[in-house]
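Participant: Below you'll find the structure I mean.
The values are calculated or read from the model by the stated rules, or taken from the named source; none is laboratory data. Fair warning: this is a prediction, and the values are worked out from it, not measured in the lab. A quick note on method: Cβ atoms are made from the backbone with ideal geometry, for glycine too, and the neighbour counts reach across all protein chains shown.
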Amino acid sequence: MRIKKIALVLSIGFALRLIVSCCECQPPVEFKYTFDCIETFHLDNSGQAPAIVDKGVIHKEAYGIQIEYSLLPLACNKPFSFSAFNAAYAYSCRCPPDIQYLAQDTISAIRIKNLNDFDQTHPADSDISDYFKVLDYDKYITFQELIDAYETMYEEKPEKDLIKIFLMQPPTQTGEHRFQVEFLLSNGTILTSVTTPIKLE
């Protein structure tokens with residue numbers, strides 16, 4: 001009977017040690033990344049799926065822009081960690097990734113300008129950001145909704161990412177158009193890309 005009690009006490013102690021050790025996750029190594037540059041490509045949304053085109057004519061009600069932005073990894077921050085328990089006990093822990101890439105700066109705004117006359121109220125060099133929306137899987141959202149939901153952490157080394165935006169209100173002026181896309185960052189930097197000329201009819 002005494003042996004059973006000793007075994008029970010030891011098993012409880014081992015179980016408590018195991019539970020505590022599962023909370024002993026190692027702090028991840030943190031890398032910072034920043035936004036490097038952006039590129040823009042015309043999208044034709046008249047088919048089954050949006051397609052990149054570099055010249056020709058796009059129906060003005062099916063026009064979009066693919067914005068690709070490059071991400072530049074910076075120096076890492078490796079935190080000091082100490083655990084009183086063997087990491088082998090933590091086999092069932094749900095620990096964060098060993099390496100995390102965190103944004104040094106964030107996107108504060110996205111702005112679109114037309115470089116040609118768009119309609120009567122928007123001559124060349126007007127802000128027409130409100131005329132565009134972002135395709136988010138199977139729905140359209142505003143730029144602000146995208147910014148509010150933007151993930152600032154990557155689990156793998158970030159290099160490039162992209163968003164697809166579509167013109168919700170077509171221009172009354174047909175013919176050649178160019179658009180200037182701007183990313184305004186939290187550190188005051190503005191990343192800019194101008195599309196090549198494209199005909200919208």
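Participant: Which one of Gln169, Gln173, Gln144 is of a type in the set (S, T, N, Q) and either within 13 Å of the chain's Cα centre (by Cα) or more than 21 Å from Val53 (Cα to Cα) (or both)?
Facilitator: From the options Gln169, Gln173, Gln144, the qualifying one is Gln144.
Participant: Something else about it: Do we find that Tyr69 is assigned to a strand (DSSP E or B), at pLDDT 90 or above, among the hydroxyl-bearing types (Ser, Thr, Tyr) and surrounded by 13 or more Cβ atoms within 10 Å (Cβ to Cβ) in this structure?
Facilitator: For Tyr69, the condition - assigned to a strand (DSSP E or B), at pLDDT 90 or above, among the hydroxyl-bearing types (Ser, Thr, Tyr) and surrounded by 13 or more Cβ atoms within 10 Å (Cβ to Cβ) - is met.
Participant: Just the residues that are β-branched (Val, Ile, Thr), touching a residue at least 24 places away in the same chain (Cβ under 8 Å) and either out of contact with any Ser or Thr (no Cβ under 9 Å at 6 or more places or on another chain) or more than 28 Å from Lys60 (Cα to Cα) (or both), please, taken from segment 153-201.
Facilitator: Ile163, Ile165, Thr172, Thr174, Thr189, Thr192, Ile198
Participant: Next up: In segment 95-133, what residues are farther than 19 Å from Asp36 by Cα, exposed (fewer than 14 other Cβ atoms within 10 Å of the Cβ) and touching a residue at least 40 places away in the same chain (Cβ under 8 Å)?
Facilitator: Pro96, Pro97, Asp98, Gln120
Participant: Residue check: is Thr174 farther than 30 Å from Ile99 by Cβ and either surrounded by 12 or more Cβ atoms within 10 Å (Cβ to Cβ) or modelled with pLDDT under 95 (or both)?
Facilitator: For Thr174, the condition - farther than 30 Å from Ile99 by Cβ and either surrounded by 12 or more Cβ atoms within 10 Å (Cβ to Cβ) or modelled with pLDDT under 95 (or both) - is met.
Participant: Out of Phe179, Phe183, I need the residue that is within 15 Å of Leu71 (Cα to Cα), surrounded by 17 or more Cβ atoms within 10 Å (Cβ to Cβ) and modelled with pLDDT of 95 or more. Which one?
Facilitator: Going through Phe179, Phe183 in turn, just one is within 15 Å of Leu71 (Cα to Cα), surrounded by 17 or more Cβ atoms within 10 Å (Cβ to Cβ) and modelled with pLDDT of 95 or more: Phe183.
Participant: Then there's this: Going residue by residue through segment 178-188, is there one that turns out to be over 21 Å from the mean Cα position of the chain (by Cα) and either farther than 30 Å from Glu30 by Cβ or assigned to a strand (DSSP E or B) (or both)?
Facilitator: Yes, segment 178-188 contains a residue that is over 21 Å from the mean Cα position of the chain (by Cα) and either farther than 30 Å from Glu30 by Cβ or assigned to a strand (DSSP E or B) (or both).
Participant: Can Ala62 be described as of a type in the set (Gly, Ala, Ser), modelled with pLDDT under 95 and farther than 17 Å from Gln180 by Cα?
Facilitator: It is false that Ala62 is of a type in the set (Gly, Ala, Ser), modelled with pLDDT under 95 and farther than 17 Å from Gln180 by Cα.
Participant: I would also like to ask the following. Working only within segment 143-168, note down all residues that are at pLDDT 95 or above and part of a loop (DSSP other than H, G, I, E, B).
Facilitator: Met168
Participant: Could you check how many residues of segment 106-128 are within 19 Å of Gly188 (Cα to Cα) and of a type in the set (S, T, N, Q)?
Facilitator: 2
Participant: If you don't mind, there's one more thing I want to ask. Which one of the conditions (1) modelled with pLDDT of 90 or more; (2) more than 28 Å from Gln144 (Cβ to Cβ) does Ala75 fail to meet, given that it meets all the rest?
Facilitator: Just one mismatch for Ala75, condition (1).
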